[in-house]
Amino acid sequence: MSAEGLSIAVAESQHIEGILQLYLQAYGTSYPLKFGTDREVMADAITSNSFFWPIMVDDNTGKVVGSCIFELDLTHRIGKLSGVVVHPDYRKQNIASDLIAYGCSLFLEQETSEEYIQLNSIYTTTRTVSLGPQLMCLKNKFIPLGIFPNAHKLEEYETVTLLGRYRNGILERRTPITSVPEKIMKILKIQDKNLGVQTEYTPYQLKAHESITSKPLQFEVIHAPNYVKHLFEHKQLTEYERFYPFHEPNTLIVSADGQLEVFAYMNKKDRYMVIISLSQPLYTLKGCFERLLFQLESIGVSYIELMIGCEHSASIQMVLDANFQPSAVYPAMKVDDDHCQDFVFLSRSLYPLDFRKIKLNADFHPYLKQYMELWKEMNLDSLEVFDGTY
């Protein structure tokens, strides 16, 4: 229920100027998303079936005083909540929470209609410079799924949280994975606690054919968004290999001998990279993955992230061996008729971690704690000191 004198509407073209003013009032000129700064992008989103844009309007003045955006992946039935903003003069009236509840109700609690399709889940990320966004999402039945340390560079490198909300019955369809690499057991147990389930995990033992040592490779990086997107679309890839909702590749990383192609999304501004797809299974790249990371660092990448289906233990182990760490788990992210697939997110920051200024709700503290403990184990506990005698 919206506050008196305020009403929810769906954004139309005549609201664009008001939305632009809203983001300017709330964030000044520093807002990073084009949805609040670029008229053409906003107009396309408003008329697209891939977006749902609820706004809060002051009934007396017609002023747009609140906004949030739901991006819709209709193929995989996943939504992404972003761009939540409230006018500074209208805060503490539950505007943002009401807008989020309105969108989630339409896509997660109602039946498919001509206007609205059923989604299986909606996820969002929040900054950690304050507690407000985390609390707002938790209030709206979002489940904490993890954190992404040093993921984005705004004024400084920032950690963000990951949260998800599900349609009733989706999580109950999951088939738990019980044999997993030991280093992801702790984050899976945190996830289980948040979901109210209990799973007995056993350490995964690599099979002989999964421990492949590759020769060192040299890589070339091509950042050409239109060309890379076109090339990716025409590749003969499986649905799993293409699956990375709301990310389109704009960068191609290819080995000098042409045997390995890596499709990635790179944001040069905040030095962020997501690896979307590779032409070879990850477990086959042992021995050359570090070389790839070194070359990415040399072109300015400071954060690298990828997600792997939890059943692909050999590939997860190889990435862990390259000093990536599990930072989030998205249960039932990919939902087919007979299978709900969980994904683990693994990330590696190539810039020194600094958690001194972050503000985390207690629900996210276990994710940060397991990340720090594993970081210490990987980077400090393995340190060998010699006394000079032989």
Give the range 186-239 a look and list any residue that's under 17 Å from T175 (Cα atoms) and exposed (fewer than 13 other Cβ atoms within 10 Å of the Cβ), or say none.
K193, G196, Q198, E200, T202
Being surrounded by fewer than 15 Cβ atoms within 10 Å (Cβ to Cβ) and of a type in the set (D, E, K, R) narrows it down to one residue among D321, D338, D342; which is it?
D338
Kindly provide the set of residues from the range 125-142 that are crowded, with 17+ Cβ neighbours inside 10 Å and over 27 Å from Y157 (Cα atoms), ordered by number.
N140
Among the residues of the range 164-180, write down those that are touching a Leu at 6+ places or on another chain (Cβ under 6 Å) and buried (at least 20 other Cβ atoms within 10 Å of the Cβ).
G164
Search the range 348-382 for residues being among the aromatic types (F, W, Y) and assigned to a loop (DSSP other than H, G, I, E, B), and hand back the single one that is farthest from D270 (Cα to Cα).
F355
For the range 12-32, which positions are assigned to a loop (DSSP other than H, G, I, E, B) and over 25 Å from E115 (Cβ atoms)?
G28, T29, S30, Y31, P32
Checking the structure you have, find out if any residue of the range 206-221 is assigned to a strand (DSSP E or B) and out of contact with any strand residue (DSSP E or B) (no Cβ under 6 Å at 6 or more places or on another chain).
no
I'd like the full set of residues that are over 19 Å from R91 (Cα atoms) and either assigned to a helix (DSSP H, G or I) or charged (D, E, K, R) (or both), limited to the range 111-145.
E111, E114, E115, K141
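Quick grid of which residues meet (1) crowded, with 19+ Cβ neighbours inside 10 Å; (2) under 17 Å from the mean Cα position of the chain (by Cα):
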site: T284; (1), (2): yes, no
site: I299; (1), (2): no, no
site: L306; (1), (2): yes, yes
site: C310; (1), (2): yes, yes
site: S313; (1), (2): yes, no
site: Y330; (1), (2): yes, yes
site: L346; (1), (2): yes, yes
Condition check for S2: surrounded by fewer than 16 Cβ atoms within 10 Å (Cβ to Cβ), of a type in the set (S, T, Y) and at pLDDT below 95
no
Residue hits (the range 109-124; surrounded by fewer than 21 Cβ atoms within 10 Å (Cβ to Cβ) and either among the basic types (K, R) or in contact with a Ser or Thr (Cβ under 8 Å, 6 or more places away or on another chain) (or both)) are Q118
Given the conditions (1) basic (K, R); (2) within 19 Å of the chain's Cα centre (by Cα); (3) surrounded by fewer than 19 Cβ atoms within 10 Å (Cβ to Cβ), which single one is not true for K376?
(2)
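The values are calculated or read from the model by the stated rules, or taken from the named source; none is laboratory data. All values reported here derive from a predicted model rather than from experimental measurement. FYI the Cβ positions are ideal-geometry reconstructions off the backbone, even for glycines, and counts take in every protein chain you see.
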